[in-house]
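Undergrad: Attaching a single structure in structure tokens format; questions to follow.
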Amino acid sequence: RKEVEQDPGPFNVPEGATVAFNCTYSNSASQSFFWYRQDCRKEPKLLMSVYSSGNEDGRFTAQLNRASQYISLLIRDSKLSDSATYLCVVINTGGFKTIFGAGTRLFVKA
Amino acid sequence: GAGVSQTPSNKVTEKGKYVELRCDPISGHTALYWYRQSLGRGPEFLIYFQGTGAADDSGLPNDRFFAVRPEGSVSTLKIQRTERGDSAVYLCASSPGSGRGTGELFFGEGSRLTVL
């Protein structure tokens, strides 16, 4: 089983739509969680951290369910510029080994 | 420079050759990571340095791969006897280090390796 699993997509949505991505992780002792964004042929960049209480940054909302070992990202009012690959990221306890999921591709259409 | 710098940006080599990829992290960042990314896949963890020492090298695929960071700053990823399956983008990232910062990784633009 992979340490971090994501639905690869692609998700094809119209502008203005709400879209949700899910991610599961296998190590119950994982301590920190993030969503990164990666544009085509570019390096990954941090989108947002994920906290147990859930957190929101503008149109983006991230949730963590430790009991189910599940992370989600919700994007409201999708923009064309949201088209990218979204990577679920987990840091394991005991160090800073940072594991990336395979990514979920999003295409937002006009 | 302000960001993570990787050289070369592109490297084409022949099967069986030796390759070195260099990473210059953000000044003051003690943690440095190497990842490998193939088309359509997420970054695959290779090795993580805290200072000069390799804190976790469990992602190195085999003994043809080796990385060093002798002075705790610049790191070199070395690949011996390259194989076609080594073709990928090799990403380097740095972060402030254990106990500091948010855990965010700052990536370079990557070195695209093509083995013919």
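Undergrad: About the Cα centre of the protein assembly as shown, how large is the charge dipole given +1 on each Lys and Arg Cβ and -1 on each Asp and Glu Cβ? Please answer in debye to the nearest 20. Walk me through the intermediate numbers first.
TA: Values: 26 positive and 22 negative charges, 84 e Å.
That gives a dipole near 400 debye.
Undergrad: How large is ³J(HN,Hα) for each residue in the stretch A:97-110, as worked out from phi by the Karplus curve 6.51 cos²θ - 1.76 cosθ + 1.60 (θ = phi - 60°), to whole Hz, x for Gly and Pro?
TA: My calculation for the stretch A:97-110 gives 5, 10, 10, 9, x, 6, x, 10, 8, 10, 10, 9, 10, 6 Hz in order.
Undergrad: I would also like to ask the following. Using the Karplus curve 6.51 cos²θ - 1.76 cosθ + 1.60 with θ = phi - 60°, work out ³J(HN,Hα) for each residue of the stretch A:48-63 in order, rounded to whole Hz, and write x for Gly and Pro.
TA: 6, 7, 10, 10, 4, 7, x, 8, 10, 9, x, 7, 10, 10, 10, 10
Undergrad: Put +1 on the Cβ of every Lys and Arg and -1 on every Asp and Glu Cβ in the protein assembly as shown; which of B:Gly85, A:Asn55, A:Asn27 then has its Cα farthest towards the positive end of the dipole?
TA: B:Gly85
Undergrad: May I pose another question? Using the crude model of +1 on Lys and Arg Cβ and -1 on Asp and Glu Cβ, and no other charge, please compute the dipole size for chain A relative to its Cα centre, in debye to 20.
TA: Values: 13 positive and 10 negative charges, 41 e Å.
The dipole of chain A has a size of about 200 debye.
Undergrad: Using alpha-carbon pairs under 8 Å, 6+ residues apart, how would you state the relative contact order of the stretch B:27-74 in percent? Let's see the in-between values first.
TA: Working: 73 pairs, mean separation 15.4, N = 48.
Over the stretch B:27-74, the number comes to 32 percent.
Undergrad: Something else about it: Taking only Cα atoms and a 10 Å spring cutoff, compute GNM fluctuations for chain B and point out the largest among B:Ser94, B:Ser27, B:Ser75.
TA: B:Ser27
Undergrad: Reachable lysines from B:Lys15, Cα under 17 Å, same-chain residues fewer than 8 places away excluded?
TA: Candidates past the 8-residue exclusion: B:Lys78.
Undergrad: Tell me whether chain A comes out rounded, prolate or oblate; compute the Cα gyration tensor, take square roots of the eigenvalues as a ≥ b ≥ c, and use a/c under 1.5 as the rounded threshold.
TA: Numbers: a/c = 1.97, a/b = 1.63, b/c = 1.21.
Judged from the Cα gyration tensor, chain A comes out prolate (a/c at least 1.5, a/b above b/c).
Undergrad: Same structure again: So who's got an amide H within less than 5 Å of the one on B:Ala55, skipping anything under 5 residues away but keeping other chains? H placed 1.01 Å off N, in plane.
TA: Residues meeting the amide H criterion: B:Tyr48, B:Phe49, B:Gln50.
Undergrad: Mind checking which of B:Ala93, B:Ala67, B:Ala54 has the largest fluctuation in a GNM of chain B, springs on alpha carbons under 10 Å?
TA: Highest fluctuation among the options: B:Ala54.
Undergrad: In addition: So which chymotrypsin sites (Phe, Trp or Tyr not before Pro) in the stretch B:1-83 are both in a DSSP loop and have at most 14 other Cβ atoms within 10 Å of their Cβ?
TA: Values: sites: B:Tyr18, B:Tyr33, B:Trp34, B:Tyr35, B:Phe45, B:Tyr48, B:Phe49, B:Phe65, B:Phe66; in loops: B:Tyr18.
Those satisfying the criteria are B:Tyr18.
Undergrad: Additional query: Could you calculate the FRET efficiency of B:Glu104 with B:Tyr18 from 1/(1 + (r/R0)^6), where r is the beta carbon distance between them and R0 is 41 Å, rounded to 0.05? Mind showing how you got there, number by number?
TA: On the way: r = 33 Å, r/R0 = 0.81.
E between B:Glu104 and B:Tyr18, to the nearest 0.05, is 0.80.
Undergrad: Related question: Gaussian network model of chain A, Cα springs within a sub-10 Å range: biggest mean-square fluctuation belongs to which of A:Ser32, A:Ser81, A:Ser72?
TA: Ranking A:Ser32, A:Ser81, A:Ser72 by mean-square fluctuation puts A:Ser81 first.
Undergrad: While we're here: With no solvent and one equal point scatterer per Cα, compute the Debye intensity ratio I(q)/I(0) for the protein assembly as shown at 0.07, 0.08, 0.09 Å⁻¹ and report its log10, rounded to two decimals.
TA: -0.22, -0.29, -0.37
Undergrad: Which of the lysines could a cross-linker bridge to A:Lys109, judged by Cα under 27 Å and excluding same-chain residues fewer than eight apart?
TA: Qualifying lysines at Cα under 27 Å: A:Lys42, A:Lys45, A:Lys79.
Undergrad: Turning to a different aspect of this structure: Extending each Cα 7 Å along its Cβ direction at B:Thr76 and B:Asn10, get the distance between those two points in nm, one decimal.
TA: Once both label points are built, they end up 2.4 nm from each other.
Undergrad: Please turn the phi angles of the stretch B:35-46 into ³J(HN,Hα) values with the Karplus equation 6.51 cos²θ - 1.76 cosθ + 1.60 (θ = phi - 60°), one per residue in order, whole Hz, x for glycine and proline.
TA: Ordered by residue, 3J(HN,Hα) equals 10, 10, 10, 9, 4, x, 10, x, x, 9, 4, 10 Hz.
Undergrad: Sticking with this one: Calculate the length of the line joining the C-alpha centroid of the stretch A:36-110 to that of the stretch B:1-46, in whole Å.
TA: 22
Undergrad: Another question, if that's okay. Amide H to amide H under 5 Å from A:Ala17: which residues, 5+ apart in sequence or cross-chain, H placed 1.01 Å off N in plane?
TA: A:Ser78
Undergrad: In debye, nearest 20, what is the charge dipole magnitude of chain B about its Cα centre with +1 on Lys and Arg Cβ and -1 on Asp and Glu Cβ, if you could check? It would help to have the intermediate numbers written out before the result.
TA: Numbers: 13 positive and 12 negative charges, 64 e Å.
Using Cβ point charges on Lys, Arg, Asp and Glu, chain B gives about 300 debye.
Undergrad: So if R0 is 22 Å, what FRET efficiency would A:Arg41 and A:Arg76 give, r being the distance between their Cβ atoms, rounded to the nearest 0.05?
TA: Working: r = 27 Å, r/R0 = 1.24.
Efficiency, rounded to the nearest 0.05: 0.20.
All of the numbers you see were taken from the coordinates with simple rules; none came from a lab. These numbers were taken from a predicted model, which means no experiment stands behind them. Glycine also receives a Cβ, built like all others from the backbone with ideal geometry; neighbour counts cover every protein chain displayed.
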